[in-house]
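Trainee: I'd like to ask some things about the structure below.
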Amino acid sequence: MRWLLLKDLRILSRSPLLVAMLVIYPIVIAALVGFAVTSGPDKPRVAVLNEVPASATQISLGGESVNVSKEAKPLFDAIHPVYVHSRQEAIDKVKSGDVLGALILPPDLTRRLEAATAGGGQPPSVEVLFNAEDPAKLRFVENTIKARVQDANSALAKKFTQVAASYIHLLATGGRFSFFGQTFDVLGLQRAEQILHGLGGKVPKGSAASMQLAQVTQFAHLARQNLGLANSVLDAVGTPIRVDTTIVKGGKTPLGSFAAAIAATVTLMFVTVLLAAGALALEREQNAFLRVVRGLVSRTGLLAEKVALAALCSLVVGLLLLAGLSVFVTLPWSRFALWVAALGLGALGFGALGVAMGALAREVRAASLMAFMASLPIAVLGLVPSGAVSSWLYDVVRGVSAAFPFKPTLDALKSALSHSGGVAGPLLHLAILTAVFTLLARLALRRFAVD
Amino acid sequence: MAQPSATVSEPGRSDAAPVLEARDLVKRFGDRVALRNVSISARPGELVAVIGPNGAGKTTLLSILAGIQRPDGGEVGHVPARIGWVPQQPSLYSKLTVAENLRLFARLEGCADVAGAVDRMLDQTGLHDRADSLASTLSGGNRQRLNIAIGLLAEPPVLLLDEPSAALDPRQRERLWDFIFGLSAGGTAVVYSTHNVQEADRYGHNVIVLADGERLFAGSPRELERAVGEAGARDFEAAFVEFLRQRGH
């Protein structure tokens with residue numbers, strides 16, 4: 001027992017690649033799970049550009065002063081605000097992924113809010129900027145920020161309802177009312193009814209009855225105005241502040257297309273990487289490698305054949321998958337050529353990655369294990385949206401993702417399956433990665449046949 | 001197929017020009033010198049046995065002759081494409097049939113008549129009745145014959161065999177040497193490494209003795225016996241061991 005244990009430990013110590021993977025892999029997975037758990041959507045980072053002058057945070061509503069900043073507190077409590085000083089700074093932060101979105105409060109926010117509640121115009125709008133590179137994230141950002149603005153709206157609406165109630169009370173019972181510095185004595189419907197009941201028949205001019213009638217006429221005039229004002233107030237109560245959304249990066253990819261792109265990319269990755277890595281390692285396990293490369297086929301030619309084999313197989317699988325998904329999701333068949341280009345270049349990139357793994361691992365089982373174990377974190381990293389983790393960590397994630405074909409393949413497929421974004425950039429990226437990984441595989445082949 | 005002789009003591013065609021010639025080969029692996037100025041040649045039909053203790057440099061020598069490795073010194077006077085190379089472990093695709101393996105390598109070799117080459121090798125190896133069998137289902141002896149047949153598809157004038165009879169039982173070994181001897185009789189120069197000294201004595205026209213990367217002897221088995229005098233009179237194996245002992249190995 002003891003000797004067997006020592007033997008196994010010695011064997012492990014002589015397989016540094018395996019040991020490294022055994023140690024590093026769980027750490028990477030644990031880190032990814034940790035980030036996923038700790039980067040929940042409870043307090044999204046949102047850039048805030050507050051252009052409202054500090055002196056204009058109060059509005060007058062029905063003679064009562066309302067502090068908008070105080071009423072908007074729920075909004076700022078629900079997000080992690082990152083205050084910026086210009087619209088461009090907000091756009092840059094959204095584009096870089098430092099924040100999930102940006103909220104721009106225009107300088108005339110309170111003035112327009114006051115005017116709207118007084119029946120003098122449309123409700124003000126706040127602008128939300130977001131990054132639409134990831135439709136899942138887009139939906140999250142839209143929902144999150146709109147929900148938070150709605151919270152603020154609800155608080156304001158509550159205040160406005162109180163004002164509307166006071167107007168209605170004034171109309172019903174009468175009293176004094178201040179409007180733009182002038183004070184009016186409002187008769188009220190109750191007193192008007194009493195006056196009208198007291199009038200009977202025709203009233204002579206200049207008589208006391210005539211004056212009372214004039215008073216009633218004035219009330220009717222004011223009542224009409226006040227009722228119009230109440231209508232505006234009630235209209236504003238629904239949505240005191242409106243939200244305008246602007247995409248600063250990426251396009252409007254439908255969520256269904258995005259899901260199809262993810263499914264196709266993951267499938268493409270596993271099929272290609274496993275096949276390419278295993279097929280190359282098999283040449284060595286069959287002892288055929290040296291015989292084949294001894295003047296029959298060049299080493300680079302052999303790598304190209306393995307990449308082509310894996311890419312062709314996975315291209316067929318990927319196209320079949322998309323055809324099947326098109327039954328459930330609307331996919332643009334008119335862009336079929338772009339599907340093929342995205343899947344084809346992606347498959348070549350994954351194939352090159354696979355042969356690099358196969359050349360490093362050298363044995364079929366080790367190559368398959370390595371391909372499988374490496375593919376999962378690569379896929380997860382490629383799906384981390386900007387703003388979900390801290391800025392520096394997102395830069396690291398983005399750098400690592402850029403070094404593997406998953407992210408550019410996903411980007412290319414997203415573009416191919418929708419009308420958003422360009423496909424040329426990701427395809428060029430994939431072509432470069434294909435060349436780089438083929439070169440790495442070629443270098444690794446130097447020790448491929450060494451026992 | 002030619003019948004094996006009990007003992008081959010004369011070179012194949014001593015008047016012909018060598019079809020394989022390498023001079024002063026040097027190979028280093030780090031600080032270790034695997035070959036030190038080793039020369040070798042073979043004429044058409046000649047059987048050259050390379051023998052020596054473990055780690056003597058036999059496989060390294062054959063690998064350099066086959067073009068698998070580059071020497072650090074010396075020169076190889078032929079192009080690797082004209083050499084048939086058969087590694088010690090069967091180098092073929094176990095999930096392909098015998099005929100499919102032959103057909104694949106015939107195409108890679110650029111044979112003009114692929115079907116003819118496959119038929120010819122099936123005839124020579126006696127594997128016609130197993131042509132459609134997966135290579136993985138063949139016995140060790142038949143796998144080795146297929147392994148050699150692949151090396152012969154391009155009809156090379158020289159065949160390099162690395163430990164061809166290792167892991168074969170005596171009956172399989174006998175059939176393998178029947179086959180190899182037939183090749184030699186047909187004019188193919190065969191250079192083979194072996195741990196079985198009796199195979200060098202029995203089939204080799206010439207013997208090269210390597211030890212610690214150094215060529216200690218090149219000549220016929222009888223000349224090796226004579227080189228050790230009375231001490232090697234018992235048999236060739238005894239002569240070989242005595243020869244190494246006298247030279248400090």
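Trainee: If amide H atoms are built 1.01 Å from N in the plane of the peptide, which residues on other chains or at least 5 residues away come under 5 Å of the amide H of B:S39?
Mentor: Amide H neighbours of B:S39: B:D24, B:L25.
Trainee: Around B:S136, under 9 Å between beta carbons, what's the net of Lys plus Arg minus Asp minus Glu among the other residues? Intermediate values should be presented prior to the final figure.
Mentor: Numbers: positive: B:K95, B:R143; negative: none.
Spelling it out: positives minus negatives among the neighbours equals +2.
Trainee: Continuing with this model, one more query. Would you mind checking the radius of gyration and Dmax of the stretch A:252-447 based on alpha-carbon positions, in Å?
Mentor: Every Cα atom of the stretch A:252-447 included, Rg and Dmax give 17.0, 53 Å.
Trainee: On to the next question. I'm checking a number: the convex hull volume of the Cα atoms of the protein assembly as shown, normalised per residue, in Å³. What is it? Working shown, then result.
Mentor: Details: hull volume 168.2 nm³, N = 700.
Normalising the Cα hull of the protein assembly as shown by residue number yields 240 Å³.
Trainee: Taking each residue in A:331-340, count the Cβ atoms of any other chain within 10 Å of its Cβ, then average. What number comes out?
Mentor: Values: counts 0, 0, 0, 0, 0, 0, 0, 0, 0, 0.
Per residue, the average neighbour count from other chains is 0.
Trainee: Under a 10 Å cutoff between Cα atoms, tell me which one of B:A66, B:A238, B:A149 has the largest fluctuation in the Gaussian network model of chain B.
Mentor: B:A238
Trainee: Under the rule of at least 5 residues apart or a separate chain, name every residue whose amide H is placed under 5 Å from the amide H of A:R242.
Mentor: Sorted by chain and number, the residues that satisfy this are A:S125, A:V126.
Trainee: Nearest 500 deg cm²/dmol is fine: what mean residue ellipticity at 222 nm does chain B get from its DSSP H runs of n ≥ 4 alone, each adding -39,500 (n - 2.57), divided by its residue count?
Mentor: Values: 8 runs with 88 residues, N = 249.
Theoretical 222 nm ellipticity from helices: -10500 deg cm²/dmol.
Trainee: Let me ask another. Just want the answer: with Cβ charges of +1 for Lys and Arg and -1 for Asp and Glu, which residue in A:S401, A:Q286, A:F350 is farthest toward the dipole's positive end in the stretch A:252-447?
Mentor: Toward the positive end, the furthest listed residue is A:Q286.
Trainee: Across the stretch A:5-20, in residue order, what do the Karplus-derived ³J(HN,Hα) couplings come to in whole Hz, using 6.51 cos²θ - 1.76 cosθ + 1.60 with θ = phi - 60° and x for Gly and Pro?
Mentor: For the stretch A:5-20, the Karplus curve yields 4, 5, 4, 5, 5, 5, 4, 4, 5, 9, 10, x, 5, 5, 4, 4 Hz.
Trainee: Now a separate question. Check B:V207: other-chain or 5+ apart residues with amide H under 5 Å from its amide H, H built from backbone geometry?
Mentor: The answer is B:A49, B:G219, B:S220.
Trainee: Averaged over its residues, how many other protein chain Cβ atoms are within 10 Å of peptide B:123-129's Cβ atoms?
Mentor: Working: counts 0, 0, 0, 0, 0, 0, 0.
The per-residue average across the peptide is 0.
Trainee: Hey, another quick one. Give the residue from A:V273, B:P156, A:V23 lying farthest towards the positive end of the charge dipole for the protein assembly as shown; charges sit on Cβ (+1 for Lys and Arg, -1 for Asp and Glu) and the dipole is referred to the Cα centre.
Mentor: A:V23
Trainee: Still on this structure, please answer the following. Note the angle between two axes, namely the Cα long axis of helix B:140-152 and the longest principal axis of the Cα atoms of chain B, as a number of degrees from 0 to 90, rounded to the nearest 10.
Mentor: 90
Trainee: What are the ³J(HN,Hα) values, in whole Hz, obtained from phi via the Karplus relation 6.51 cos²θ - 1.76 cosθ + 1.60 with θ = phi - 60°, for each residue of the stretch B:20-32 in sequence order, with x given for Gly and Pro?
Mentor: Once θ is set to phi - 60°, the couplings for the stretch B:20-32 become 9, 8, 9, 10, 6, 6, 10, 9, 10, 10, x, 7, 7 Hz.
Trainee: Can you pull the Rg over Rh of the stretch B:32-156, Cα-only, Kirkwood? Present the calculation step by step, with values, prior to reporting the outcome.
Mentor: Numbers: Rg = 16.2 Å, Rh = 16.0 Å.
Using Cα coordinates only, the ratio equals 1.01.
Trainee: Can you run phi through the Karplus equation (6.51, -1.76, 1.60; θ = phi - 60°) for the stretch B:102-117 and list ³J(HN,Hα) in whole Hz, with x for Gly and Pro?
Mentor: For the stretch B:102-117, the Karplus-derived couplings read 4, 5, 4, 6, 5, 5, 5, 6, x, 4, 5, 10, 4, 4, x, 5 Hz, x marking Gly and Pro.
All of the numbers you see were taken from the coordinates with simple rules; none came from a lab. Because the structure is predicted, anything quoted here is derived from the model rather than measured. Note that we place each Cβ from the backbone using ideal geometry, even for glycine, and neighbour counts take in every protein chain shown.
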